[in-house]
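The values are calculated or read from the model by the stated rules, or taken from the named source; none is laboratory data. Fair warning: this is a prediction, and the values are worked out from it, not measured in the lab. Positions of Cβ are backbone-derived with ideal geometry, glycine not excepted, and every protein chain shown enters the neighbour counts. Accessible surface areas use protein heavy atoms only, side chains included; no ligands, DNA or RNA. Shrake-Rupley method; radii C 1.70, N 1.55, O 1.52, S 1.80 Å.
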Amino acid sequence: MIWSLSALTLMQAGYWISHRLRPPLPRIRSALIGYILLFLARMSFVVATSIFGFVFITRKPEFQIPTFRYVVIITALFALFCYTQELERLGRALIGPDQEPAGLG
């Protein structure tokens with residue numbers, strides 16, 4: 001649990017510091033790498049939420065988890081969501097403004 005909380009703290013600290021400072025995005029343009037990053041961002045969040053749904057929504061009645069662990073899991077999903085946002089931001093920057101993928105803007 002300590003490792004999980006440490007990782008979540010580092011993920012959130014990194015995201016919010018980056019959000020505040022807004023470091024410059026790379027000037028290189030690569031549509032292929034941009035689309036790969038967009039794909040990885042979406043898939044990472046889909047896989048995490050699928051596992052969450054499988055483990056916690058379809059659980060057996062005798063499977064009990066303390067409330068604190070639920071809070072940690074929800075916080076982890078939020079941290080992963082923030083990470084996904086940064087990956088999508090980087091992917092869109094690599095694709096370039098003239099090749100913006102449909103439905104992601």
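A 1.4 Å probe, protein heavy atoms only, puts the accessible area of ILE73 near 50 Å².
Pick out, in residue order, every one of the GluC sites (Glu not before Pro) in the stretch 1-92 that is DSSP loop and has at most 16 other C-beta atoms within 10 Å; say none if there are none. Of the GluC sites (Glu not before Pro), the ones in loops of the stretch 1-92 whose Cβ has at most 16 other Cβ atoms within 10 Å are GLU62.
Taking the chain as a Gaussian network of alpha-carbon nodes connected by springs under 10 Å, the highest mean-square fluctuation of the residues LEU21, LEU90, LEU32 belongs to LEU21.
Oblate is the label for the chain. Its Cα gyration tensor axes, ordered a ≥ b ≥ c, give a/c of at least 1.5 and b/c at or above a/b. Maximal additional length on extending the TRP16-LEU40 stretch stands at 6.5 nm, based on 0.36 nm per residue less the C-alpha distance. Sum up the charges of everything whose Cβ sits under 15 Å from the Cβ of GLY14, counting Lys and Arg as +1 and Asp and Glu as -1, but leave GLY14 out. For residues surrounding GLY14, the net value is +2.
Rounded, prolate or oblate, given the Cα gyration tensor of the stretch 1-48, with a/c below 1.5 counting as rounded? Cα axes put the stretch 1-48 in the oblate bin.
Basic side chains Lys and Arg get +1 at the Cβ, acidic Asp and Glu get -1 at the Cβ, and with that the dipole of the chain about its Cα centre reaches some 120 debye. Working from label points 7 Å from Cα in the Cα-to-Cβ sense, the ARG29 to SER50 distance is 3.4 nm. Which FRET efficiency, nearest 0.05, do PHE68 and ALA7 yield, Cβ-Cβ r, R0 22 Å? For R0 = 22 Å, the calculated efficiency reads 0.85. For the chain, the membrane-span-like helices by this rule, meaning whole DSSP H stretches whose C-alpha atoms cover at least 30 Å of axis and whose Kyte-Doolittle mean is 1.0 or above, are 31-52; this says nothing about an actual membrane.
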